[in-house]
Structures are given as C-alpha cells and as structure tokens.
Amino acid sequence: MKTPRHATLPLSRLGLIGLGCLAFSIAQAEEDFTSAIDFTGYARSGVGSTAGGGDQACFRASGAGAKYRLGNECETYAELGLGATLYEQGDTSFYFNSMVGYFTDQVNDNEDTEVSLRQLYVQGHNVVEALPGASLWAGKRFYRRHDVHINDFFYWDSTGPGGGIENIDVGTGKLHLAWMRATGTDDTEYPDADNRISNDTLDIRWSDIPVNQDGSLVLGYNYGRAQLSDAQRTYYDDSEAKRGHMFTVQHEQNNWFGGSNKLALQYATDGIINAGTGQGRMNADVSPDAPGGEMWRVVNHGNVWLSPGKLDLLYAAIYEDKSFDDDSGATWISAGVRPTYYWTDNLSTALELGHDYVDPENGDDSRRLTKVTLAQQWAAGLGGFARPVIRVFGTYANWNGDALQADRSSRSIDAGAAGDAINIDDNDGLTFGVQMDVWW
C-alpha cells in the first residue's frame, strides 16, 4: 500500500510553504493598514529670477492683506497630513488627523527649514447620543476656514488648538460651537519676561441656512478675550484690546455658471483686528498703549466657466476699512481675475491680473500695485483647481512711489526675501520662473 503523496513532502518544502503563507499574511495586513490611512497635503515649490539680476522678487503692496499668487510665490511650502479612522462601530466613529507644515526660502538643498505642527486632533462622530449626526472634537486644527484662492487671503479663520462640537442639526441648518486659542507673549517683568498670554476665541456659527436655489447663508459670531493672570491684568488694565468681536454674514452659491460664489460681510473690533488680518482669531497686542478700533470688510470671490471645458475664470473683490485710535489703520481695496484657456485636458494658458490700493489712515501717501502674470501650464485635468500642475511663468508688476525706505524696509511694496533685487527708486519689476503646485 502506497503512502499518500501529500504526507511525504520534505520538511524543507513545508517550511517554505509556511514562510510563504506568513509573508502573504503580513503583506495583506500591511495593505489593509495602509489602505486605512488617509494621506493628504499641499505643496508648492519652484525657481525664479528677477530681470536685471537677483533672486525672484514677489510683489505685494505694503499694507495689503494679501498678494495675487500666480507666478508670485517665492518659497517652498508644504503641508503633509496623515489621518485614520481608529474606531468604528455602527454610526459611531473616532477619526485622528495630523498635519506637519514645512517652509523654506529656496536657498539650497540643506537650508534651514521651519517645521510646524499645523494640525493634531481627534474627531468623534455620533458620540453624543442626544445630538445624532454631530461631531465632538479636540486638539489643534484648521477650523472651518474660508479663503480667497487667487490671493491666499484667509478672511475667516480661527485656526489653532481648541475643542468643540459641530454639525448640530437645528432643523434649519447646522450649528457649530468651538473654543479656540492663540497664544502671544507679553513684556511684564514678573515672574519673568516673555510670559505667555492666552488669547481665547469663542466661535459660534450657524451654517447651511437655505435662502434660494443652491444658495445658503452662514451666520457667525467670534468673541475674543485675553485670559490674563493677576500680574498681567494689573499691567494691562487700561488696554482696550483685551477683547474683541467679529460678526460675519456669508452667502454661498453653488451651481453658479458651472462654479460657485461666496459673498461675505464682516464687522470686527479691537483685539480681534489689532495684531493680525482680522480673521476672527483673538491674537491681540494687549499692551497698555495698544489701540482700539473697528473694521468693516466685504469679500466676494468665486469661479465660473465662461465657455464650458474651454475657458474658466477665478475672481476676487475685497473692500476693507480698518480704523484705529492711533490712526494706524488703512483702507485696502483689491480686485483680481484669473482667466484660463484649456487647449487640451492637460495643457492650458492662464493670465492673472490683480490690483491693490492701500490708503493709510494717518495721511501718508496711498499705495497702488498692479501685477500681471502669464503662465503656460500642464495640469492633471481641466479647471482652475485641477492639481498637480507644473507651470512656466512671467510676472510684471508696477507700483507708485519709491519701492523701499532708505534702510530697505518696506515703503510701497513688500518684495519678499529678494527685496535686494528691487532698487529703491524702481516703480516696476519683471520676474520669470517655473513652479509646481499640488494638493491631494
């Protein structure tokens, strides 16, 4: 009687089969684990020069809240994020998210890099039984930010460490509540210099309020307050900037000529605006001589298809008036457009025209800067937000008045790290280069 063949396999062959099964199991586990991780991010980098010599200058009107960015970015910047659902049972889940930011000045391969922890938070969905559909969260995060893409202007952004609950169903729309913090330093001498100041913001938003077909409202109130210690309270007692308010009404329109539009009206006071761009984040200068003031702002921006599949347009218009007790405010008016023509699904030509006007409150000469960029682009698809993209560009800027002060500090323009490529008495400049831009 013959022994069955499968019973006579050599031990070495059995070992190989076992190792193969183990390797397959490990690979499968790694694949399952990897597929559960979300890898997100944003990055831009390139190289450029200024005509006439010098590194690439970037043109921004002095005192303006932003600059038009196409062919006008002089750095390497990246945000790399990893996130994953760590628990899921029925409709309940916990999600962890993280993001690290990198910034360099395009010096060389091993230059110093600024690294920052931009986000690190946990979000629990459907963990409050009384509020189905709501999410509880805590940590450091980009919190419900609103920005104008073509000039990278964040006009509503209370980002930072905090906690809250969002997407509370209130019947008509959703309610979002958050406590955010931005820390600063003071110059008191007790107990030692450079103590931290805790600038807290209460962020309340009511979103998704239907008002017309494909259109909705967002109503927001941000209250900021410096949480001072006894010693700081004594030192800063007379400061008007210890607190501030911001009110926002925003209309959001989808299916807007194939794109979308946002129109925001904002009013803000004191500490929310006196040491920043007035984003709704309390980050105040609370020194005794810090000025109080107020700000009015109107922002309209969006994107449309002028000819579907062939020609689209990004656009922005901003009016901002800041008035302070010490006359340090200014009126800033900005308008820009970026039409792009698509030759193929991957080849396009973009033209960006942006104009900024700044009128200082103290009576100094007003500043005007106009910037135009022509770029040939190779992108992953159609549309102004298709990424990745590689572009070659030429940028021309014109401004009034002397470019710089005698000490090369800003007068009419901010030229970035390559300010020495611009002469004091210049009133225009030309740059060219190549850049990649990507998000995922």
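The values are calculated or read from the model by the stated rules, or taken from the named source; none is laboratory data. Every value quoted in this text rests on a predicted model; they were computed, and no experiment measured them. Here Cβ is always computed from backbone atoms with ideal geometry, including for glycine, and neighbour counts include all displayed protein chains. Calculation scope for accessible area: heavy atoms of the full protein, side chains included, ligands and nucleic acids excluded. Shrake-Rupley method; radii C 1.70, N 1.55, O 1.52, S 1.80 Å.
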Being in a strand (DSSP E or B) and either open to solvent by 60 Å² or more (accessible area, probe 1.4 Å) or in contact with a helix residue (DSSP H, G or I) (Cβ under 9 Å, 6 or more places away or on another chain) (or both) is the filter here; which residues of the range 322-355 pass it? ILE333, SER334, GLY336, VAL337, ARG338, TYR341, LEU351, GLU352, LEU353, GLY354, HIS355
Within the range 200-229, can you find the residues that are more than 23 Å from the chain's Cα centre (by Cα) and of a type in the set (S, T, N, Q)? ASN212, GLN213, GLN227, SER229
For ASP428, indicate whether it is among the acidic types (Asp, Glu) and at pLDDT below 95. no
Residue, nearest to the chain's Cα centre (by Cα), within the range 382-405, restricted to residues that are open to solvent by less than 20 Å² (accessible area, probe 1.4 Å) and more than 17 Å from TYR42 (Cα to Cα): GLY383
Return the pair list, or none, for Cβ contacts closer than 6 Å from residues in the range 58-71 that are surrounded by fewer than 24 Cβ atoms within 10 Å (Cβ to Cβ) to residues that are in a loop (DSSP other than H, G, I, E, B) and of a type in the set (Gly, Ala, Ser), at least 6 apart or on different chains. SER62/SER412
Give the number of residues within the range 287-317 that are part of a strand (DSSP E or B) and touching a residue at least 12 places away in the same chain (Cβ under 8 Å). 21
Here are PHE247, PHE257: which of them is open to solvent by 50 Å² or more (accessible area, probe 1.4 Å), over 24 Å from the mean Cα position of the chain (by Cα) and of a type in the set (A, V, I, L, M, F, W, C)? PHE257
Scanning the range 181-224 for residues that are at positive phi and either modelled with pLDDT of 70 or more or surrounded by 11 or more Cβ atoms within 10 Å (Cβ to Cβ) (or both) gives ASP208, ASP214
Kindly list, by first and then second residue, each pair from a residue in the range 359-370 that is part of a strand (DSSP E or B) and of a type in the set (A, V, I, L, M) to a residue that is buried (at least 17 other Cβ atoms within 10 Å of the Cβ) and modelled with pLDDT under 95, limited to pairs with Cβ atoms under 8 Å and residues at least 6 apart or on different chains. LEU369/SER412; LEU369/ILE413
Quickly run through the range 216-268 and pick out the residues that are among the basic types (Lys, Arg) and touching a Lys or Arg at 6+ places or on another chain (Cβ under 8 Å). ARG225, LYS242, ARG243
Could you check how many residues of the range 406-432 are open to solvent by less than 20 Å² (accessible area, probe 1.4 Å) and more than 19 Å from GLU75 (Cβ to Cβ)? 1
From the list THR113, THR159, exactly one residue is touching a Phe, Trp or Tyr at 6+ places or on another chain (Cβ under 7 Å), at pLDDT below 95 and open to solvent by 60 Å² or more (accessible area, probe 1.4 Å). Which is it? THR113
Close pairs from the range 116-133: first touching a residue at least 24 places away in the same chain (Cβ under 8 Å), partner open to solvent by 40 Å² or more (accessible area, probe 1.4 Å) and among the basic types (Lys, Arg), Cβ under 8 Å, at least 6 apart: ARG118/LYS140; GLN119/LYS140; TYR121/LYS140
